[in-house]
Amino acid sequence: MAPQREAPVLLDLTIDNITPNTNRINAQCDDPRLRYLMSRLVTHLHDFARETRLSTDEWMAALNFLVGCGQISSDVRHEFILLSDILGLSLLIDSINHPKPPLSTEGSVLGPFHTHDAPVMPSGGDMSSDPEGEPLLCICTVKDTHGKPIQGVQIDIWETDSSGHYDVQHEGRDEKGPSERCVMESDANGRFWFKGIKPVSYPIPHDGPVGKLLERLGRHCWRPAHLHFMFRKEGLDNLITALYLRGDPYETSDAVFGVKKSLVIHLDKVDKATAEQYDAKEGAWLLKHDFVLVTQEDADRLRDQNATKALEKLGLRMKLVDHLPIPDVD
């Protein structure tokens, strides 16, 4: 444990001065970014309590709610990510940290069911073991913002089965292994293709604290049909996104705010020539999509530009260190 410093002398604590006193104590922190984060967190939390005249019962209910989120979470279910999703925070943070210039593929939410044990498959592999699902052939490309194909991009892909459940939601998953998910790599032409099943709408887990909160708020717990994608390669800005099926009943009311117009797609049917070329079933569903990735350098530049404009609009005197704002006290 680091040696403790002599704490500042606290003033006579009141409703009005508890905030500056708390910030004075926290200001002993050597890390300027953490010091700034804690200062703003304490200020907004205290102002929230003062503005709402938060009751003791409400305060305790909120603490117990957070305890419940932790108790139901596991290695394959992250209730706090789900909470962040339904509050719109996940999409906000992704949009701040991974800004996209025009014509590049927009991001979406990660969701609570991504895993790190998906099998590596060559292009053309079938990632689904669900016999009840409607066959789907996906033919995709990865390009940069100049239209040049990108080779060697690692692509993480996952979706639910035909019942609307991810593999980790089923008992016996450890014995059966992953399903409806895979990892593959783009070829010299930036192409990758795979077989899965047509996505279906599904409810987010609603048997825990987040589900009860949605019920209290009068909100539904459904997500529109979609496939998840994650793209990674050195020198490129990581992209977490999803493609959503046009016409889904929840297209315009996604419980976790993941849908963007540019990510809504239409499915076609596999014709005879395509079936022969990709060893697929004629008449199966067909998804064709071109993903456009951004370099890390371009993403960082745009992120800094957006941050500078936003901070100036708020009237804050800040400087950016590693693309993150801290008070400019020099």
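The values are calculated or read from the model by the stated rules, or taken from the named source; none is laboratory data. Given the structure is predicted, the values throughout are model-derived calculations rather than measurements. Backbone-built Cβ (ideal geometry, glycine too); neighbour counts: all protein chains shown.
Just a few scattered comments:
- Pairs are defined by a Cβ separation below 9 Å, a sequence spacing of at least 6 or placement on different chains, a first member in the range 1-16 that is surrounded by 10 or more Cβ atoms within 10 Å (Cβ to Cβ), and a second member that is hydrophobic (A, V, I, L, M, F, W, C) and modelled with pLDDT of 75 or more; the pairs so defined are PRO8/ILE25; PRO8/ALA27; LEU10/ILE25.
Yes or no, residue by residue, for (1) surrounded by fewer than 20 Cβ atoms within 10 Å (Cβ to Cβ); (2) within 15 Å of the chain's Cα centre (by Cα); (3) at pLDDT below 95; (4) outside any strand (DSSP E or B):
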site: TRP59; (1), (2), (3), (4): yes, no, no, yes
site: GLY68; (1), (2), (3), (4): yes, no, no, yes
site: PRO112; (1), (2), (3), (4): no, yes, yes, yes
site: ASP117; (1), (2), (3), (4): yes, no, yes, yes
site: SER129; (1), (2), (3), (4): yes, no, yes, yes
site: VAL142; (1), (2), (3), (4): no, no, no, no
site: HIS146; (1), (2), (3), (4): yes, no, no, yes
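- The number of residues in the range 276-295 that are farther than 23 Å from LYS233 by Cβ and assigned to a loop (DSSP other than H, G, I, E, B) comes to 6.
- Scanning the range 227-275 for residues that are part of a helix (DSSP H, G or I) and under 27 Å from ILE96 (Cβ atoms), we see that the one that is nearest to the chain's Cα centre (by Cα) is LEU263.
This table checks each residue for (1) among the polar types (S, T, N, Q); (2) more than 29 Å from MET318 (Cβ to Cβ); (3) touching a Pro at 6+ places or on another chain (Cβ under 9 Å).
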residue: ASP12; (1), (2), (3): no, yes, no
residue: ILE18; (1), (2), (3): no, no, no
residue: ASN21; (1), (2), (3): yes, no, yes
residue: PRO32; (1), (2), (3): no, no, yes
residue: SER39; (1), (2), (3): yes, no, yes
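- The range 148-176, residues that are part of a helix (DSSP H, G or I), of a type in the set (Asp, Glu) and either outside the structural domain of TRP285 (by TED's automatic domain parsing) or out of contact with any strand residue (DSSP E or B) (no Cβ under 9 Å at 6 or more places or on another chain) (or both): ASP174, GLU175
- If the condition is being assigned to a helix (DSSP H, G or I) and either of a type in the set (Ser, Thr, Tyr) or touching a helix residue (DSSP H, G or I) at 6+ places or on another chain (Cβ under 6 Å) (or both), then the range 28-57 contributes TYR36, MET38, SER39, VAL42, THR43, HIS46, THR52, THR56.
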